[in-house]
Amino acid sequence: MKYSFKNLILAICLLSSILTACGSNSDGPEITTPEESANGDVTIYVTTNSRSLDFARKVVDFGSGSNMSPTSITLDPTKRYQTMDGFGAAITGSSSFNLLKMTQDDRTKFLKETFSETEGMGQSYVRIAIGCSDFSLSEYTCCDTPGIENFALQSEELNYVIPVLKEILAINPNIKILGSPWTCPRWMKVNNLSSLQPYNSWTSGQLNPAYYQDYGTYFVKWIQAMASNGIKVDAVTPQNEPLNRGNSASLFMGWEEQRDFVKTALGPQLKSAGLNTKIYLFDHNYNYDNMSDQNDYPVKIYDDAMASDYVAGAAYHNYGGDRSELLDVHDKYPNKELIFTETSIGTWNDGRNLSLRLMEDMREVALGTINNWCKAVIVWNLMLDTDKGPNRDGGCQTCYGAVDIDRSNYKTITKNSHYYIIGHLSSVVKPGAVRIGTTGYSASGIMFSAFENTDGTYAFVLLNELSEAKKITVSDGTNYFSYEVPAKSVVSYRWKK
């Protein structure tokens, strides 16, 4: 019996050692799980388009010996580009409604996973509507009774958006917030700037120049009202999609109108109120909705020195045109900032198909905008329900959220491509990071960007669209490491210098 027991123990030990060895080589010889090597040099997050790796956390050690290989990439911190502000999604009325339908425990767990800098992705920038959007619970503004003295936050802010923002800020107090209006109050609208006839409609119309000052006051009152509720607004855009007349709530504002509103009302009023809230122009598509007289919309406003002094830069969406427009605008005014503020997935682009969307959205939305000088990347709704809502007639009824929650239980969450692409940025690239240069390997199907964080860490985000795994070596000039990047995947790295 003693002999048999001894052999059994030996067999168990041998089996254990084999399993340990196999586990340590599951993603290449350098990789161990966090539990096995909490002190590894490089933290890595991996998502494959097949969900075989679902934002999986890995750890790799620095290498020894030569790091020269055909697929070596070396960081060049002497080549410096834009400073990053953050990454996130929109906290719309609909997203807030869905979040508040969850149990407190489930909501806290999801919000920590999304926004915590220590327990989650660390998403760092959110966009909210000034008044309603097409993903609100109703059409409204904060001053629907004529007279700016009647301004007041409404139910959607007080009962939905602000409570959710407070929970997010409790998790991550460093969140930046951008506000954008879909429409001015209807009593400020006219049918056109020639006849100036009242235009009592949520959709389309133009801002009556006679109300520029009242509308500037509207922005000031909104920023101050949010601040009184503990919500600091970092930036605003004068109008969401100013060339889109057709949304459920909308306002046409051509570049000349926006120029005049900014330089005569919005800019001076923010300044006189002692507010340092940034103004980002435009907030619409790369192709200016094919309106030739609106081409270079923000550039034309920058050309006016008085207006230009009040604005930080411009914001873009990608529902039309090409991201190369970002580079063109930057080249014309390199001292002005660029941010990317909206994109959506939906039925029109097979939005719930991660095998397709993870690749394209990482290329076009995440790395594509950053590599063309954007300081921030914000996608549309953080959370919609499985019926694509709540939404408004006349607005988008075919959109999906960055995540979708099962309407039958408000518990089961499906994470879509936009959740992952933002998470892969925010998990390793922190506010204040500077995008830096690289030298070495480049290839079709491989796209990446490198950053230096303010805390003494480097970050590197890479997309592999190839159908085969690729072993990539990354060097910061002092240390290097290798990792076999899976086929069709996104990988984020962070390590201390």
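Does Leu178 meet the test of being within 26 Å of the chain's Cα centre (by Cα) and either under 21 Å from Gly389 (Cβ atoms) or surrounded by 20 or more Cβ atoms within 10 Å (Cβ to Cβ) (or both)?
Numbers: within 26 Å of the chain's Cα centre (by Cα): yes; either under 21 Å from Gly389 (Cβ atoms) or surrounded by 20 or more Cβ atoms within 10 Å (Cβ to Cβ) (or both): yes.
Taking the combined requirement at face value, the residue satisfies it.
Test each condition in (1) buried (at least 19 other Cβ atoms within 10 Å of the Cβ); (2) within 21 Å of Ala235 (Cα to Cα) for Gln213 and report the one that comes out false.
Every condition holds for Gln213 apart from (1).
For the structure I just gave you, tell me whether Ala402 is out of contact with any helix residue (DSSP H, G or I) (no Cβ under 6 Å at 6 or more places or on another chain) and not charged (D, E, K, R).
Criteria not met by Ala402.
Within region 464-481, identify whether any single residue is within 20 Å of Val46 (Cα to Cα), under 23 Å from the mean Cα position of the chain (by Cα) and surrounded by 17 or more Cβ atoms within 10 Å (Cβ to Cβ), and answer yes or no.
Taking every residue of region 464-481 in turn, at least one turns out to be within 20 Å of Val46 (Cα to Cα), under 23 Å from the mean Cα position of the chain (by Cα) and surrounded by 17 or more Cβ atoms within 10 Å (Cβ to Cβ).
Could you pull out every one of the strands (runs of 3 or more DSSP E) wholly within region 45-126 that has 1 or more residues that are among the aromatic types (Phe, Trp, Tyr) and under 20 Å from Glu452 (Cα atoms)? Break it down into steps so the answer makes sense when it comes.
Numbers: elements: 56-60, 72-83, 86-90.
Output list reads 72-83, 86-90.
Any residue at all in region 179-192 that's over 24 Å from Ser248 (Cβ atoms) and assigned by TED's automatic domain parsing to the domain that holds Phe282? Talk me through it step by step, then tell me what you get.
Applying the first criterion (over 24 Å from Ser248 (Cβ atoms)) to region 179-192 yields none.
So far as region 179-192 goes, no, none of its residues is over 24 Å from Ser248 (Cβ atoms) and assigned by TED's automatic domain parsing to the domain that holds Phe282.
I'm checking my understanding of the structure. Among residues of region 187-202 that are buried (at least 20 other Cβ atoms within 10 Å of the Cβ) and touching a residue at least 40 places away in the same chain (Cβ under 8 Å), which one is nearest to Asn229 (Cα to Cα)?
Trp202
Tell me, which strands (runs of 3 or more DSSP E) wholly within region 411-490 include 1 or more residues that are in contact with a helix residue (DSSP H, G or I) (Cβ under 6 Å, 6 or more places away or on another chain), modelled with pLDDT of 95 or more and not basic (Lys, Arg)?
Filter on region 411-490 gives 446-452, 457-464.
Only residues in region 235-250 that are closer than 17 Å to Val311 by Cα and in contact (Cβ under 8 Å) with a residue 60 or more places away in the chain count as the first member; pair them with residues that are among the charged types (D, E, K, R) and surrounded by fewer than 23 Cβ atoms within 10 Å (Cβ to Cβ), Cβ under 7 angstrom, at least 6 apart or cross-chain, and list the lot.
Ala235/Lys278
Could you tell me which residue of region 278-314 is surrounded by the fewest Cβ atoms within 10 Å (Cβ to Cβ), considering only residues that are within 12 Å of Ile339 (Cα to Cα) and among the small types (Gly, Ala, Ser)?
Filtering region 278-314 for residues that are within 12 Å of Ile339 (Cα to Cα) and among the small types (Gly, Ala, Ser), the one surrounded by the fewest Cβ atoms within 10 Å (Cβ to Cβ) comes out as Ala312.
The values are calculated or read from the model by the stated rules, or taken from the named source; none is laboratory data. Predicted, not measured: the structure shown is a model, and the values here were computed from it. Cβ coordinates were reconstructed from backbone atoms using ideal geometry, including for glycine residues, and neighbour counts include every protein chain displayed.
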